[in-house]
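Here is the structure we will look at, set down as C-alpha cells.
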Amino acid sequence: MNIPYTVERREDTGLYNAKLGVWLFLASEVMLFGALFSSYILLRVGADAGTWPRHWLDYKLGALNTVILIISSVTNVIAWANLKLGSFSKYRFYQSITMVCAVTFLGIKSYEYYGKFHHYTVTLKDGRIADGHIQLQETTKDKLVLDGYWPASQAVVMDPPSKVEESKIEIETKDIAEKHNYGPSRNNFAGLYFTMTGLHVLHIIGGILVIFAIWGPLSGMHKTDPDRYANRVEVAGLFWSFVDLVWLFIFPTFYLL
Amino acid sequence: MQTTTLKETHTHDSHHEEPGFWQGYIFSTDHKVVGIQYAVTALLFLLFGLFLMLMMRWQLAHPGHPVPVMGKILSQLLGEDMASKEGVMSPDLYNSFGAMHGTIMVFLAIVPLLTGAFGNYVMPLQIGAPDMAFPRLNMMSYQFYFVGGVVMFSSFFVPGGAAKSGWTSYSPLASVTDPGHHPNGQTFWLIGMIFLITSSLLGSVNILSTIIQLRAKGLTWMRLPFFVWAQFVTGFLLLLAFPPLEAAGCLQLMDNSFGTSFFLPTGLVVSGHPLNIAGGGSPLLWQHLFWFLAHPEVYVLILPAMGIVAEIIANNTRKPLWGYKSKVYASMTLGFLSFIVWAHHMYLTGMGIRIATFFQTTTMMISIPSVVILTALLISLWGGSIRFNTPMLFAVGFLPMFGIGGLTGLPLGFNASDIQLHDSYYVIGHFHYVVAPGTIFAIFAGIYYWYPKATGRFMNEFWGKVHFGLSMIFMNFIFMPMFIQGLAGMSRRMYDGGATYAEMPGVPGLSPFVLNLNKVISYAAFSLAIAQIPFIINFFWSIKHGKKITSDNPWDATTLEWQTPTPPGHGNFTKPIEVFRGPYEYSVPGCPTDFLPQNDPGNAKTLTHEHTVHR
C-alpha cells in the first residue's frame, strides 16, 4: 500500500504530507511556548514590588548563544539548499557546522546552569547578607566558603550592580540563618528561567538528534530515494528554525528585560 | 493519479505476507487496527470510570456504610487507610475516585473513543484514503495513550493513593495534598497527562493532515461528510488547546517536585504551618491555563458526537441532511469561539467584573452555533420515513438529551445566576447531560452503526433496543434529580452527600427530600450499570454469531466507508475512488434506488439535489 503525497506535492495544497504535518506540529508548539510566555507575563505583572530580579543572567553569554543558534540556522538552510542542488558532500559539511553549533550552545547553557546552582545568597544570623559562588573544595561541614561580596540589602541582591569586587568570604555554618542557591525554587524568575530554557534545551537535543540521524545513520536514503531524503532534511530544518526562533524570544525576555 | 497509486498498491500488496499476531494486532500501523485498539481500551476505561462512580454513589446514598462486596476488596488492594477492613470508603479514597472518575472519563474514555476510535477507523474510509497520512505516528499515538492510561491506573497503588484534587487539579490544593509522599498520586497524574497530551498531539496532527492531504479525487470540502468536518474542527481544538495544559502540567510538576511556586501564593499556610516556599505564584494562573484547554475540550467531547449523529440521521431518514452548509460553518464558528469562553468557569474567583462580562458575552454567543447544529439535526427528521433501528434510536435519543444539557448551561454562563449555581450538583447534572446521555449515546449509536463494517455482522437488534431503552430511563433518573439538588444548594464533591448540612430543628438546610434523592440517583446508577450488560455481551457475541450482512453497504448508505470490502483490508479500497457528489444524496428524484453513493458516476449532472455540480 502506498500513501499518496509522501514525496510529491498535492496539487491543491502545494504540500507533501510531512511538511503539512510539521507545520501543524509547530502551531501546537507555538501554543506550548505561548502559554509559558503568558505565564511569565502574568507572574511578572502580579509580582510584588522588589521581588522580580534584574540582571541575574549574564547577557554576554546569552548573546553569544543567540549568535551561535542563528549561525546554525543559516548553515542548516545552506545545507538543505546544497542538497537540493545535488551536492551531498557540501550538505554534509554545512550540516556538521549546524550540529557543532548546537553542541556549543548546550555547552554554554550547561556552564550557565552550573553557575546558577553553585551561586548562593546567605543570610547570617546578625542580618548581614553574603552572595557568591560556593567554593566546594574549601567548604566543609563547619564553614561555607564563597567567592563573592556583601550586598547592602536584599534589594541589591535582586538587582546587583554590574561590577562587584569579589573576594573570598568564609562563613561559619553556625552563623548561617538561611541560605539559598539560584536554582529554580529561588523565586518565580529563576523557576521560569529553568523551566523555559530547560524545555528549550530538550527541543535542541531532540532537534539535533533528528538532524544527526538524517545526516549519518539514515543517509543511505540519499541514494535510494533522494527526493524523500531532501524532504526529511527540509522538515527537520523547519523544526530547527522554530527552536531557534523560540530562543530569540527567550533571550530578551530573561537576559535583557 | 489516484488510479495509478491504487494499481501500484495491488501489485505491491501481493508480495506482502500476511502479518503475524504482533505485527497485525499489537504493533499495527493500519488505521483500522489502531482504531479498534483505541475503541477496546477506551471502552474498558469507560467501564472502569463507571465502576469508580458506583463506589462513590454507594457512599453518597449510604454514608459510612461498608460498600457491599467491593469494599473489602478495595481494603485489601489499597490498604486500610483507604478503605476500612469492613469496606467503608475513606474521604481520601472518595476524593481520589472522584478526581480519577473525571480524568478517566474525559481523557481516557470519551475523547479516545471519539477521535482515536471513530476518527481513526471511520474518517480515512469516509474520505477515500488508503490509510492515515502518518501510519507510524498513528501507532505511536495509541502507544502513548496506552502508557498514559497505565500510569493513571497505577497511581491508585502508590502510597497515598491516586490524585485527589478533582479532575481540574486546582493549585494550591493539588500541590499540598499528600505532602508526605513523593512522588505521589498527583505526580503520577501529571506524568500521565503529559503522555496523553503527546498522544493527542500526534493524533490531531495526523487527523488534520489526512483530511487536508488524502481526500479522494473529486471530494471537495463541501462534499465531506459532516462527521469528517467534525473531526477536522476537533483536530484543531486538540492541536491548539492541549499545549497550554501541557505547559501548566510542567509548571505544576515543578511546583510539586522541584520547589518552585508558580501557582503558590506568598504566605500560604497549610494545616497551621506556613509553607517553606518562595511564594509570589498565582493560583488563578493554573485555572486560566487549565480551562484554556478544558473548555475547548468540551467541544472536543461534543462535536464528533454530533458528527456521528448526523451520519446516522441522514442514513435513517433517507433524505439529505438539512442545512449541511450552515452546520459546517456553525462548527467552525463553534471551534473558534470555544477558545475565548474559558473563564466562564472562573466567575467566582474574583478575577473582576469586566473580564467576567467579556466571557459572559462570548459564552452566550457560542450557544448560537450549537443551537444551529442541533436545530438542523432536528429539522432533518422532518418528513423523513424514519427507520428506527438501534443506531437511530441512540442518535435520536441524543438530540433531547444534548438539548437539556445545553439549555441548562445557559444559567451557568450568566455571571449572576452562576454565583448561586457554581460548584453545585446543578453543574454536575448539566455537564453530564451533555456528555453521558449526549456523547455516550452518540458513541453507542456509532458502535451499532459501524459494527457491521468492522466485523461483517450486525449487533443484535433486540438487545440493542433493550440497551437503549433502559439506558435512556436510568440516565434521566440519575441526572435529572441533580438539578433539584443543585438548586437546593447542595455542593458537589461532598463525601457524605450533604448529610452534614441536613435540616435540623430551627436550622435551615438540605431537606430530607433533597438528601433522599441521593438514593434515587444511586440506585438508578446501579441499574444503569446492569443495563450495560446486554451491550457488553452483544458486543462480543455478535463478532461470531451476529446476523451476517448481505452486502458491503448494509444500511444503503451514500458515504465512502461503505464502498470498501467488509471488513476493509489493508489499503481499504479495491477500486479507484472518485467522488461525484455531496455526502447525503438520498431519495434523489429519478434515481432507481433511494440512495446514490458519492462515488457512483450515475448521471452526474442530473442525479443530484444540488442545482449545479461543484467541481
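Those residues that are of a type in the set (Lys, Arg), in a helix (DSSP H, G or I) and buried (at least 17 other Cβ atoms within 10 Å of the Cβ), I need them from the range A:1-47; list them, please.
Narrowing the range A:1-47 to residues of a type in the set (Lys, Arg): A:9-10, A:19, A:44.
Add one more test, that the residue is in a helix (DSSP H, G or I), and what stays is A:19, A:44.
Listed by number, the list holds a single entry, A:LYS19.
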Return the pairs, sorted by first residue and then second, in which the second residue is of a type in the set (D, E, K, R) and part of a helix (DSSP H, G or I), the first residue lies in the range B:240-251 and is more than 7 Å from every other protein chain (Cβ to nearest Cβ) and under 22 Å from B:ASN206 (Cβ atoms), the beta carbons are less than 9 Å apart, and the residues are 6+ apart or on different chains.
-> B:ALA241/B:GLU297; B:PHE242/B:GLU297; B:LEU245/B:GLU297
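Can you work out which of the residues in the range A:80-109 that are in a helix (DSSP H, G or I), more than 23 Å from the chain's Cα centre (by Cα) and not charged (D, E, K, R) is surrounded by the fewest Cβ atoms within 10 Å (Cβ to Cβ)?
Residues of the range A:80-109 that are in a helix (DSSP H, G or I), as a first pass: A:80-84, A:88-109.
In the following step, the residues that additionally are more than 23 Å from the chain's Cα centre (by Cα) were identified as A:80-84, A:88-93.
After this cut, where a residue has to be not charged (D, E, K, R) as well, the list is A:80-83, A:88-89, A:91, A:93.
On the way: A:TRP80: 20, A:ALA81: 13, A:ASN82: 18, A:LEU83: 21, A:PHE88: 15, A:SER89: 8, A:TYR91: 24, A:PHE93: 14.
Among them, the one singled out is A:SER89.
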Could you tell me whether the range B:518-532 includes any residue that is farther than 30 Å from B:LEU47 by Cβ and of a type in the set (Val, Ile, Thr)?
-> no
Which condition number in (1) of a type outside the set (Asp, Glu); (2) out of contact with any strand residue (DSSP E or B) (no Cβ under 6 Å at 6 or more places or on another chain); (3) at pLDDT 95 or above is the one that B:ARG457 fails?
-> (2)
Selection from the range B:132-163 of residues touching a residue at least 60 places away in the same chain (Cβ under 8 Å) and of a type in the set (S, T, N, Q) yields B:ASN138, B:SER141
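Pick from B:VAL205, B:VAL228, B:VAL270: which is closer than 30 Å to B:LEU348 by Cβ and either more than 10 Å from chain A (Cβ to nearest Cβ) or touching a residue at least 40 places away in the same chain (Cβ under 8 Å) (or both)? Full working, then the answer.
Working: B:VAL205 fails: closer than 30 Å to B:LEU348 by Cβ; B:VAL228 fails: closer than 30 Å to B:LEU348 by Cβ.
None of the other options fit; the residue is B:VAL270.
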The range A:75-104 residues that are under 22 Å from A:ASP225 (Cβ atoms), paired with ones that are in a helix (DSSP H, G or I) and among the aromatic types (Phe, Trp, Tyr) (beta carbon under 7 Å, 6 or more apart) = A:ASN76/A:TRP240; A:ALA79/A:TYR91; A:ALA79/A:TYR94; A:ASN82/A:TYR91; A:ASN82/A:TYR94; A:LEU83/A:TYR91; A:ARG92/A:TRP215; A:GLN95/A:TRP215
Identify the single condition in (1) away from chain A (no Cβ under 14 Å); (2) modelled with pLDDT of 95 or more that B:ASN138 does not satisfy, given that it satisfies every other one.
-> (1)
Is it the case that some residue within the range B:561-579 is crowded, with 23+ Cβ neighbours inside 10 Å, under 28 Å from the mean Cα position of the chain (by Cα) and on the phi > 0 side of the Ramachandran plot?
-> yes
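Tally time: how many residues in the range A:185-197 are more than 17 Å from A:ILE134 (Cβ to Cβ) and either over 27 Å from the mean Cα position of the chain (by Cα) or in a loop (DSSP other than H, G, I, E, B) (or both)? Give the derivation first.
Quick first cut of the range A:185-197, residues more than 17 Å from A:ILE134 (Cβ to Cβ) only: A:187-189, A:191-197.
Now narrow it down to the ones that are either over 27 Å from the mean Cα position of the chain (by Cα) or in a loop (DSSP other than H, G, I, E, B) (or both): A:187.
Number of matching residues: 1.
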Any pair with Cβ under 7 angstrom, 6 or more apart, that starts in the range A:1-29 at a residue that is within 22 Å of B:ASP30 (Cβ to Cβ) and more than 7 Å from every other protein chain (Cβ to nearest Cβ) and ends at one that is hydrophobic (A, V, I, L, M, F, W, C) and in a helix (DSSP H, G or I) | A:ALA18/A:VAL235
Some residue of the range A:216-225 being among the hydrophobic types (A, V, I, L, M, F, W, C) and without any contact (Cβ under 8 Å) to a residue 40 or more places away in the chain = yes
Residues of the range A:171-219 that turn out to be within 14 Å of another protein chain (Cβ to nearest Cβ), over 13 Å from A:VAL243 (Cα atoms) and of a type in the set (S, T, N, Q), as a count | 5
Would you confirm whether any residue within the range B:79-98 is touching a strand residue (DSSP E or B) at 6+ places or on another chain (Cβ under 7 Å), polar (S, T, N, Q) and more than 24 Å from B:GLN485 (Cα to Cα)?
-> no
Scanning the range A:39-53 residue by residue, the ones that are touching a Phe, Trp or Tyr at 6+ places or on another chain (Cβ under 9 Å) and more than 7 Å from chain B (Cβ to nearest Cβ) total 4
Any idea which of B:THR357, B:THR361, B:THR333 is without any contact (Cβ under 8 Å) to a residue 12 or more places away in the chain, surrounded by fewer than 22 Cβ atoms within 10 Å (Cβ to Cβ), of a type outside the set (Gly, Ala, Ser) and in a helix (DSSP H, G or I)?
-> B:THR361
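Answer yes or no: is there a residue in the range B:302-312 that is out of contact with any helix residue (DSSP H, G or I) (no Cβ under 7 Å at 6 or more places or on another chain) and of a type in the set (D, E, K, R). Break it down stepwise before answering.
Filtering the range B:302-312 down to residues out of contact with any helix residue (DSSP H, G or I) (no Cβ under 7 Å at 6 or more places or on another chain) leaves none.
Looking through the range B:302-312, none of the residues is out of contact with any helix residue (DSSP H, G or I) (no Cβ under 7 Å at 6 or more places or on another chain) and of a type in the set (D, E, K, R).
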When you go through A:ASP131, A:ASP142, A:ASP147 one by one, which is the residue that is farther than 19 Å from A:ARG186 by Cα and either under 28 Å from the mean Cα position of the chain (by Cα) or surrounded by 17 or more Cβ atoms within 10 Å (Cβ to Cβ) (or both)?
-> A:ASP147
State whether one or more residues within the range A:77-89 are of a type in the set (Ser, Thr, Tyr), more than 26 Å from A:TYR113 (Cβ to Cβ) and either at pLDDT below 95 or out of contact with any helix residue (DSSP H, G or I) (no Cβ under 6 Å at 6 or more places or on another chain) (or both).
-> yes
Can you spot a residue in the range B:91-105 that is more than 30 Å from A:GLY21 (Cβ to Cβ), assigned to a loop (DSSP other than H, G, I, E, B) and either away from every other protein chain (no Cβ under 14 Å) or charged (D, E, K, R) (or both)?
-> no
Output the residues belonging to the range B:265-289 that are over 17 Å from A:HIS180 (Cβ atoms), part of a loop (DSSP other than H, G, I, E, B) and not hydrophobic (A, V, I, L, M, F, W, C).
-> B:PRO265, B:GLY267, B:SER271, B:GLY272, B:SER282
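Among the residues of the range B:254-264, which ones are crowded, with 21+ Cβ neighbours inside 10 Å and either in contact (Cβ under 8 Å) with a residue 60 or more places away in the chain or not in a helix (DSSP H, G or I) (or both)? Outline the logic, then answer.
Of all residues in the range B:254-264, those crowded, with 21+ Cβ neighbours inside 10 Å come to B:254-256, B:260-264.
Passing the criteria: B:ASP255, B:ASN256, B:THR260, B:SER261, B:PHE262, B:PHE263, B:LEU264.
The values are calculated or read from the model by the stated rules, or taken from the named source; none is laboratory data. Keep in mind that this is a model prediction, so the values were computed, not measured. Every residue, glycine as well, gets a Cβ built from its backbone with ideal geometry; the counts of neighbours run over all protein chains shown.
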